[in-house]
Amino acid sequence: QDVKLLGKYIVPTGTLYLKDLIAKHNLDINSISYFLPHLSSEFFRNKIAEEIAKYNINIPQEKWFTNLTQLGNVGAGSVYLMIEELMNSGKLKKGDKILLMVPESARFTYAYALLTAC
């Protein structure tokens with residue numbers, strides 16, 4: 001992936017959308033147990049963390065769960081593999097809230113989903 005083609009807008013676009021979703025749905029970000037961002041590259045990790053901090057969205061790194069460094073970017077399957085790995089890790093407890101972030105850089109779109117473990 002040529003990150004230069006994405007320009008300077010892809011990360012701010014997604015984090016602004018997250019800020020708007022939090023406000024629209026009155027989401028308590030502190031209630032999130034795990035944040036599963038689909039990262040196509042480690043290049044984006046710090047950029048996303050810095051950008052969400054600008055909006056006072058506090059998602060500490062210890063709540064981030066990715067498997068990019070173990071599996072690589074497996075495209076559309078990434079988020080499903082992260083969920084499966086988290087479920088099988090023994091860390092997930094009933095009632096834990098999981099925030100998924102799935103960007104689609106070619107179209108500058110983001111999808112977020114909030115799941116609750118049962």
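The values are calculated or read from the model by the stated rules, or taken from the named source; none is laboratory data. It should be emphasised that the depicted structure is a prediction, and the values quoted were computed from it without experimental measurement. Please note: Cβ atoms are built from the backbone with ideal geometry, for glycine as well, and neighbour counts cover all protein chains shown.
Select the helices (runs of 4 or more DSSP H) contained entirely in segment 1-93, then report the ones holding at least 1 residues which are of a type in the set (Lys, Arg) and surrounded by 12 or more Cβ atoms within 10 Å (Cβ to Cβ). Write out each step before concluding.
Values: elements: 3-6, 10-24, 43-54, 68-71, 78-88.
Of the helices (runs of 4 or more DSSP H) lying wholly inside segment 1-93, those with at least 1 residues that are of a type in the set (Lys, Arg) and surrounded by 12 or more Cβ atoms within 10 Å (Cβ to Cβ) span 10-24, 43-54.
Would you please name the residue that is modelled with the highest pLDDT, looking only at residues in segment 65-76 that are within 15 Å of residue 103 (Cβ to Cβ) and either touching a helix residue (DSSP H, G or I) at 6+ places or on another chain (Cβ under 9 Å) or of a type in the set (D, E, K, R) (or both)? Working first, answer last.
We begin by selecting, within segment 65-76, every residue within 15 Å of residue 103 (Cβ to Cβ); these are 66, 68, 73-76.
Keeping just the survivors that are either touching a helix residue (DSSP H, G or I) at 6+ places or on another chain (Cβ under 9 Å) or of a type in the set (D, E, K, R) (or both) gives 66, 68, 74.
On the way: 66: 90, 68: 75, 74: 78.
Looking at residues that are within 15 Å of residue 103 (Cβ to Cβ) and either touching a helix residue (DSSP H, G or I) at 6+ places or on another chain (Cβ under 9 Å) or of a type in the set (D, E, K, R) (or both), I get 66.
Identify, from the list 8, 24, 47, the residue that is more than 19 Å from residue 85 (Cα to Cα), charged (D, E, K, R) and in contact with a helix residue (DSSP H, G or I) (Cβ under 8 Å, 6 or more places away or on another chain). Don't jump to the end; show me each part of the working.
Numbers: 8 fails: in contact with a helix residue (DSSP H, G or I) (Cβ under 8 Å, 6 or more places away or on another chain); 24 fails: in contact with a helix residue (DSSP H, G or I) (Cβ under 8 Å, 6 or more places away or on another chain).
Unique residue meeting the criteria: 47.
Tell me yes or no: at least one residue of segment 109-117 is of a type in the set (A, V, I, L, M, F, W, C), surrounded by 13 or more Cβ atoms within 10 Å (Cβ to Cβ) and under 12 Å from the mean Cα position of the chain (by Cα). Step through it out loud before you land on a result.
Let us first name the residues in segment 109-117 that are of a type in the set (A, V, I, L, M, F, W, C), namely 111, 113-115, 117.
Now drop any that are not surrounded by 13 or more Cβ atoms within 10 Å (Cβ to Cβ), which leaves 111, 114-115, 117.
Then drop every residue that is not under 12 Å from the mean Cα position of the chain (by Cα), which leaves 111, 114.
So far as segment 109-117 goes, yes, one or more of its residues are of a type in the set (A, V, I, L, M, F, W, C), surrounded by 13 or more Cβ atoms within 10 Å (Cβ to Cβ) and under 12 Å from the mean Cα position of the chain (by Cα).
Would you check if residue 10 is at pLDDT below 95, within 18 Å of residue 113 (Cβ to Cβ) and hydrophobic (A, V, I, L, M, F, W, C)? So that I can check it myself, show each step before the final result.
Details: at pLDDT below 95: yes; within 18 Å of residue 113 (Cβ to Cβ): no; hydrophobic (A, V, I, L, M, F, W, C): yes.
So residue 10 fails the test.
Determine which member of the set 56, 30 is more than 12 Å from the chain's Cα centre (by Cα), of a type in the set (S, T, N, Q) and farther than 17 Å from residue 17 by Cα.
On the way: 56 fails: farther than 17 Å from residue 17 by Cα.
Result of the check over 56, 30: 30.
Looking at (1) among the small types (Gly, Ala, Ser); (2) over 14 Å from the mean Cα position of the chain (by Cα); (3) at negative phi, which is the only condition residue 78 fails?
(2)
Hey, among 21, 92, 39, which residue is closer than 20 Å to residue 114 by Cβ and in contact with a Phe, Trp or Tyr (Cβ under 7 Å, 6 or more places away or on another chain)?
Numbers: 92 fails: in contact with a Phe, Trp or Tyr (Cβ under 7 Å, 6 or more places away or on another chain); 39 fails: in contact with a Phe, Trp or Tyr (Cβ under 7 Å, 6 or more places away or on another chain).
It is 21.
Go through (1) of a type in the set (Ser, Thr, Tyr); (2) at pLDDT 90 or above; (3) under 12 Å from the mean Cα position of the chain (by Cα) one by one and return the number of the condition residue 89 breaks.
(3)
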